[in-house]
Amino acid sequence: MSAPLLSIEGLRVGFRNASGGLVEAVRGIDFSVEPGEAVGVVGESGSGKSLSMLAVMRLLGSPARTTGGRVMFDGRDLLSIDEARMRAIRGRDIAMVFQDPQSSLNPALTIGRQITDVVRAHRRVSGTEARRIAAETLERVGIRDAGKRLDAYPHEFSGGMRQRALIAMAIACRPRLLIADEPTTALDVTVQAQIVDLIAELRRDLGIAVIFISHNLQLVAEIVDRVVVMYGGKVVEDGPVEAIEREPRHPYTGLLQACVPSLTGPVGPLVTIEGSPPRLGRMPQGCPFSPRCPRAESRCETQMPPLVVDFDQRFACWRPL
Amino acid sequence: MTGPILSLRGITKSYGQGNALDRLLGRDTRFVALDGVSLEIARGDVVGIVGESGSGKSTLASIAVGLTKPTSGEVLLDGEPLSALMRDHGGPWRRRIQMAFQDSSSALNPRKSVSRCLTETLALRGVPKAEREAEALAMLTLVGLGAELAPRLPHELSGGQRQRVGLARALAMKPDILIADEPVSSLDVSLQAQVINLLSRLTRELGLTLLFISHDLALVRTLCSRIIVMRKGAIVEQGPCLDVLDHPTHTYTQLLIAAVPKGIKGRRQHAAAAQIASPISTARESAG
């Protein structure tokens, strides 16, 4: 088996609080992404999914910082290389697309300028060549008349087109890994379906590996090979999407799946997850999900269950489904 | 009384977009948000209004509560024209139709505690001062929140809690009709389920008439008995919720259904949906 493209090992992210103590939001996570593979990272707000991806990109803003672990990419630990090296990797080898296309684009620069900036930051090409690449990439993400559209400003694009433009910026240098953080949350359902299809298509045609972050397991399952479920800063379950969808082992995964209503079957009250995710600095001693878990017993509250490997699925639960 | 509690008759809303030159040349550059929409809501109905941004569903809600004046057409509340009722600005009609907004962080005053937000609303309804505290706590209990949240400020609450406070505030007026504009779209799936169950319980327990505006068809299916599908300022399809969703007749309804995430099963359907989607999305996107 070949080496994984990205391997996250024991990653921890924390904040210094007012009294100088360390509050950890990501508490030692491990998972890897193979070349060309699509992995979904799911969990509620506050599970640590976005923070861990920002840590991988080394884009954490103060006061958050990485407090432990390694992020191996291409045989190098991204957390220990110097900033100049990291800048060369960011945008060229690993690119990221964010939730809100409106605030991710500079409103004062044309779309074309923003894409050519990315190209010229990483490749020694002429202005004309950069513009040609930009037009080609914009065309690639499904924007018609791309040559003319390069001169448009972000406000002249609809929400869906802006997200396409951001994806164009991300793939302009043909990265090997694309991290998409809730890329469709701000969009209409029909546009969401189009963006999901686009990401699936880019992955198939260009062989780009994808990490897709979302709180909606149903949405993620439409395009990924594997799912990583996070809760309270920990990976609580991961495995092939088919196995996770058919037979989730962690009660949290099961509930996350069940609380999304379907367009078929009987209508009745929705399954809910009572309570809310643990607050930073008030993590339960044992399993982070134990206060909300219908299956919890006394051991769950005091002892953190280890990640157990069952064939190709892993889960951290004392009382799995 | 047997007539509809709320009726909209030929509602049109257009916004002027033209510049001086356009007006001089007599060019029609108005943007039509609603184009002659008529509908009737019976007492106790739970109606879902679905459509994408730009379909006019939020404009419709805003007109129904009297926050926006229609360009033409009339809103009737229990048979009485809203335009006439509105002359009495703070009149009793205000209490009868309330709205819960999409973005709970901007709908609540950041400097007012939960309890103050609710007691002020209760004062508007004319609840005596001595009873307001107790009544505010009762409202919190109604929406499933504990009394310990009463002294908190909006930023000290989670998104789901804020959304419930917004609902409690609307319900504190004891409305007959509640209009909820995308009340769960900013929430995590687990919290969405909690708020949907809450709305479902409230309509049953209080006999509330509910207009639920959403772009999520699966949520509408769970909550509503009737569905209205809107596109570009007009109603394209309506009927009993399960009938419409199981046997959609309009292509646009079919497109919305195809776009709902369906897990692994959704993979193949997407390819098919993209075929239908392209003409509409192209029109939409080049317009946007």
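Taken about its Cα centre, chain A carries a charge dipole of about 960 debye when Lys and Arg each add +1 at the Cβ and Asp and Glu each add -1 at the Cβ.
Considering only the Cα atoms of the range A:172-271, their convex hull presents on average a projected area of 7.8 nm². Per-residue Karplus couplings for the range B:257-265, computed as 6.51 cos²θ - 1.76 cosθ + 1.60 with θ equal to phi - 60°, are listed in order as 5, 5, 7, 5, x, 10, x, 4, 4 Hz, Gly and Pro entered as x. Seen from a random direction on average, the alpha-carbon convex hull of chain A projects onto 18.4 square nanometres. The residue list B:L137, B:A234, B:S72 was ranked by how far each Cα lies along the charge dipole of chain B toward its positive end, using unit charges on Cβ atoms, and B:L137 comes out on top. Hey, fewest Cβ within 10 Å first, where do B:M86, A:M86, B:M139, A:M53 land in order? If I rank by nearby Cβ atoms, fewest first, I get B:M86, A:M86, A:M53, B:M139. Taking every Cα-Cα distance in the range A:99-174 and sorting them into 10 Å bins starting at zero, the pair-distance distribution P(r) comes out as 22, 59, 18, 0 percent.
Computed from Cα positions, the angle between helix A:189-206 and the longest principal axis of chain A comes to roughly 80 degrees.
Between the listed residues B:T209, B:I41, A:L109, the Cα displaced farthest toward the positive end of the dipole of the protein assembly as shown, a dipole computed from Cβ unit charges relative to the Cα centre, is found at A:L109. The charge dipole of the protein assembly as shown, taken about its Cα centre with unit charges on the Cβ of Lys, Arg, Asp and Glu (plus for the first two, minus for the last two), comes to roughly 1180 debye. Listed by chain and number, the lysines placed with their C-alpha closer than 16 angstrom to that of B:K69 are B:K13, B:K57; residues fewer than eight positions away on the same chain are left out. Between the Cα long axis of helix A:111-122 and the first principal axis of chain A there is an angle of about 80°, rounded to the nearest 10. Taken over the range B:6-247, the percentage of Cα pairs per 5 Å bin, counting from 0 up to the bin with the maximum distance, is 1, 6, 13, 17, 18, 16, 12, 8, 5, 2, 1, 0, 0. Taking Lys and Arg as +1 and Asp and Glu as -1, the other residues whose beta-carbon sits under 12 Å from that of A:A316 total +1. Within the listed set B:G166, B:G233, B:G144, the residue fluctuating most in the Gaussian network model of chain B (springs between alpha-carbon atoms under 10 angstrom) is B:G144. Which pairs, out of B:K232/B:K262; B:K129/B:K174; A:K234/B:K262, put more than 23 Å between their alpha-carbon atoms? Violating the 23 Å Cα-Cα cut-off are B:K232/B:K262; A:K234/B:K262.
What's the center-to-center distance, using Cα atoms, between the range A:170-242 and the range B:16-45 in Å? Each part reduced to its Cα centre gives a spacing of 39 Å.
Helix B:266-287 and the longest principal axis of the Cα set of chain B meet at an angle near 80°.
At q = 0.19 Å⁻¹ the log10 of I(q)/I(0) for the range A:178-232 amounts to -0.64, computed by Debye summation with a single uniform scatterer per C-alpha, solvent ignored. For the residues of A:275-284, the average number of beta carbons from a partner chain within 10 Å of their own beta carbon is 2.
Across every direction, the projection of the convex hull enclosing the Cα atoms of the range A:256-308 has a mean area of 5.3 nm².
The P(r) of the range B:1-149 has a tail past 27 Å containing 41 percent of all C-alpha pairs.
Projected onto its three principal axes, the C-alpha set of the range B:47-107 covers 32, 28, 21 Å, listed from the longest axis down.
With 0.36 nm allotted per residue and the present C-alpha distance subtracted, the B:K69-B:L153 stretch has 26.9 nm of extension available. Relative to one another, the C-alpha centroids of the range A:60-96 and the range B:106-134 are positioned 49 Å apart. For B:R30 and A:T128, the FRET efficiency from 1/(1 + (r/R0)^6), where r spans their Cβ atoms and R0 equals 56 Å, is about 0.85. Ranking of A:D188, A:D312 by neighbouring Cβ atoms within 10 Å, starting from the fewest: A:D312, A:D188. For the protein assembly as shown, just run the numbers: alpha carbon Rg, then divide by 2.2 N^0.38 Å, N being how many residues it has. So the protein assembly as shown has a normalised radius of gyration of 1.02. Computed about the Cα centre, the dipole magnitude for the range A:99-174 is approximately 240 debye when only Lys and Arg (+1) and Asp and Glu (-1) carry charge, each at its Cβ.
In a shell of Cβ-Cβ distance under 11 Å around B:F101, excluding B:F101 itself, what net charge do Lys and Arg (+1) and Asp and Glu (-1) give? That sum, taken over residues with Cβ under 11 Å, equals -1.
Stretching the chain fully between A:K148 and A:E201 yields a gain of 16.7 nm (0.36 nm per residue, less the alpha carbon separation).
Using the Karplus relation 6.51 cos²θ - 1.76 cosθ + 1.60 with θ = phi - 60°, the per-residue 3J(HN,Hα) values for the range A:256-262 come to 4, 6, 6, 7, 8, x, 10 Hz, with x marking Gly and Pro.
If both residues of a DSSP beta bridge must be in the protein assembly as shown, then about 55% of such bridges are antiparallel.
Laboratory data are not the source of any read-out in this text; all were calculated from the coordinates shown. Just so it is clear, the structure is predicted and the values come from calculations on it, not from any experiment. Cβ coordinates were reconstructed from backbone atoms using ideal geometry, including for glycine residues, and neighbour counts include every protein chain displayed.
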